[in-house]
Amino acid sequence: MPWFKISNLFAGTENKLILSDFNLQINPGEVHAIMGPNGTGKSSLANVIAGNPKYSVSSGNILFKNIDILPLPPEQRASMGIFLGFQNPIDIPGVSVMTFLKYAINAQRAFNSLEPLDAPSLLKKVKIRAEALGIPNEMLKRPLNVGFSGGEKKRIETLQMALLEPELAILDEMDSGLDIDALKIVANGINVLKNNNRSFLLITHYDRLLSYVKPNFVHIMVNGKIVRSGDENLAKSLEKNGYTEFLNA
Amino acid sequence: MPENLNAKLKNLTENTYKYGFSINLENDSAPIGINENIIKLISNKKNEPLWLLDFRLKAFRHWKSLKEPHWAKVTYPNIDYQKIYYYSAPKNLKSPKKLQDLDPELLKMYDKLGVPLHERENLAGITAVDAVLDSVSVTTTFKENLAKLGIIFCSISEAVQKYPDLVKKYLGSVVPYTDNFFACLNSAVFSDGSFVYIPKGVRSPIELSTYFRINAINTGQFERTLIIADDDSYVSYLEGCTAPQRDENQLHAAVVEIVVMNNAEVKYSTVQNWFPGDKNGIGGIYNFVTKRGSCIGEKSKLSWTQVETGSAITWKYPSCILKGKNSVGEFFSVALTNNLQQADTGTKMIHIGENSSSTIIAKSISAGKSLSAYRGMVKMSPQAINAQNFSKCDNLLIGNKCSAYTIPVMQNLNNSARIAHEATTSKISEEQLFYCQQRGISADDAISLIVNGFCKEVMKHLPMEFAVEASRLISVSLEGASVG
């Protein structure tokens, strides 16, 4: 029985079909990369897996750890270990990064029948991870994502991932808007989390991130489905030749 | 009250409104309705001096000439003022000297509400409490400790007996009985409330607190609070309110008057959680309240902080008259409405003194099919040289069946005075909600997190314990609200 499997998935927004007969299988410990031209449905895929109510699924299924997750609300999917690093993380005015992390961590603990973490332990836990990602203390006190630069937002996404320790992390364009130093920090943040039980689904345009985070599989997605799968060499050839051959296929 | 009704109430309340229970107390009530005899009876029961009866009767005669105001953005069926009890007192309560003398049922009720009446439970000395049940003040804790500092904190009935000069001088000095319909009615029939006097140069070491509770059925609550802060004094005063869950509406028409002298500061915080009515808008309190303070001294400061989550209808504008040179007025407000609640609330800042300044931060959160209006007035009188005001009104909408209005009035009669006003309206977006949910936070918790973030600017002005309670209350009041 596969650990994570999407079968014959058709999904889209109210008036537009975006994912069309999409199939993908991921095993524990694997790193998958999905590449493809703009507007091909990569972000939609990430959102459908995470349960964004903006999308509806017309047929197919997504099994995670033997459970059909499509009927589950987003928070339950999250608690089961699915994490989505957003391409454009949204502002939440008035709620500090620290407060948000407290809510998220304690929601996860509640799901696992654990007591909420006390303030000192929480602070300690957050600070260790934040430091590793070069996130200053001051930033933890600022309202979540309000006025953050692209790089800051991606670091905070990475911090949340590090703290929530998901089993399947879907990272949507984590490399966009990052300079080379920030990219290295974020990539390192991903690499330290890699282990035999944790899988990653990296959504990206370029192989920039992939030269720091080695994928086991690279998939080319066009018009809502995977048209070619291969190893990291596929990403390299893409960088050279572009998507043209797939678009015409 | 019949047993089965009591049980029914209990059942109802355990679902949503936590404070909705009522208790079986024998009540000593005046006959239903209002006329001069009722007023004489109230005055007589309280053994009041003639000047006060006179004040009440003048108010009543004036009230009869007034019409209930309907300019507020709220709608409700006509109130039959002859179908209200204007006086109700728990029977076994003839001026209890000690806590032991109180009806055990009553103590149980306050226990359930979490009001720390027992001084022994309150040795840490954070708060002194005056508890007002229906129409009378039940007990005031910590009175003796405060007395050592010269601070007077007692029920207004007691103050009438013991400190008649102070009461006579200031009662009606900020809110005259002619002020408005509800304040006028209150002046005629007010039953009890709190009285505070902080002498010159004294900073109250503890928060003073009044806890209001309507228990009896069909009873109006007309409490009257008078706070006087003498030169160079400071006091922080808290007010909390709850009521049982009942099917009919109950009228609450209070008056709060505050006098702030030279260099004195009064901080007045309210967490108002009167029963808001049920999901279908049945029952709930009509909260028609007049609150006003006069900063008569130089450098005097009055700060109103309110968190309004309860009541079927709220009609309330805590205001400051800034007479003193360099006087300061502040209004920090969170008004949350859900289901079919209606709130029309705001403030008036009347600048008279030179260099007087005021700040208004009003946040409204509307969910369900509720309606929320901010109504405010900033007036710069001709003599208010260099006076300044800053106002900020933010509305947050949850879902698409609620509405919010901002109705600011600005009147500047002095060229050197400045008024600044900002207003925003936003919605909790599906994206914000999804982001939180993706991190494992439930939709309910996410809404409460976002709303508390929205209110933070106001909540930080509340005393610590109150802020925690208020934030929890906001979460509870929003349970089941939907953004869709």
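The values are calculated or read from the model by the stated rules, or taken from the named source; none is laboratory data. These numbers were taken from a predicted model, which means no experiment stands behind them. No Cβ is skipped: glycine too gets one built from the backbone with ideal geometry, and neighbour counts run over all protein chains shown. Accessible surface areas use protein heavy atoms only, side chains included; no ligands, DNA or RNA. Shrake-Rupley method; radii C 1.70, N 1.55, O 1.52, S 1.80 Å.
Tabulated data
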| quantity | calculated |
| --- | --- |
| Probe 1.4 Å, all protein chains present, accessible-area order of B:Trp71, B:Trp51, B:Trp63, largest first | B:Trp71, B:Trp51, B:Trp63 |
| Where A:His205, B:His421 fall by accessible area, highest first, once all protein chains stay in place (1.4 Å) | B:His421, A:His205 |
| Solvent-accessible surface (1.4 angstrom probe) belonging to A:Leu168, in square angstrom, nearest 10 | 0 |
| By average C-beta atoms within 10 angstrom, highest first, the peptides B:428-434, B:310-316, A:82-88 | B:310-316, A:82-88, B:428-434 |
| With all protein chains modelled, accessible area of B:Lys169 [1.4 Å, Å²] | 140 |
| For residues of A:93-104, the mean tally of beta carbons on other chains within 10 Å | 5 |
| Peptide A:70-76 - average C-beta neighbours from other chains (10 Å radius) | 4 |
| Region B:332-484 - Rg and Dmax from Cα coordinates, angstrom | 17.5, 57 |
| Interface B:A - total buried accessible surface [probe 1.4 Å, Å², rounded to 100] | 2000 |
| For residues of A:107-114, the mean tally of beta carbons on other chains within 10 Å | 2 |
| Set of lysines near A:Lys125 by C-alpha distance (under 16 Å), chain-local residues within fewer than 8 positions excluded | A:Lys102, A:Lys141 |
| 16 Å Cα-Cα reach of B:Lys73 towards lysines, excluding residues that sit fewer than 8 places from it in its own chain | B:Lys316, B:Lys369 |
| Accessible surface of chain A, 1.4 Å probe, proportion on carbon and sulfur as whole % | 49 |
| Residue list for region B:313-343, given a label point 7 angstrom along the Cα-to-Cβ vector of B:Tyr405 and an amide N cut-off under 13 Å | B:342-343 |
| Chain A: most fluctuating residue of A:Lys141, A:Lys16, A:Lys127 per GNM, C-alpha cutoff 10 Å | A:Lys16 |
| Reduction of at least 30 Å² in accessible surface, 1.4 Å probe, comparing all protein chains with the chain by itself, residues of region B:437-476 | B:Gln437, B:Gln438, B:Arg439, B:Gly440, B:Ile441, B:Leu449, B:Gly453, B:Lys456 |
| Relative contact order %, chain A, counting alpha carbon pairs below 8 Å whose residues are six or more apart | 28 |
| Proximal charge balance of B:Asn412 [Cβ under 13 Å; K/R count +1, D/E count -1] | +2 |
| Spin-label pair A:Glu138/A:Glu232, simplified geometry with 7 Å Cα→Cβ offset, distance in nm | 3.7 |
| Heavy-atom SASA rank of B:His70, B:His252 (probe 1.4 Å, accessible area, largest first) | B:His70, B:His252 |
| Surface accessible to a 1.4 Å probe, per residue, for the residues of region B:224-349, Å² | 20 |
| Of B:Lys45/B:Lys162; B:Lys148/B:Lys168; B:Lys401/B:Lys427, those spanning more than 18 Å from alpha-carbon to alpha-carbon | B:Lys148/B:Lys168 |
| Karplus-derived 3J(HN,Hα), 6.51/-1.76/1.60, for each residue of region B:284-290, Hz, glycine and proline x | x, 8, 8, 9, 10, 10, 10 |
| With all protein chains modelled, accessible area of B:Asp278 [1.4 Å, Å²] | 50 |
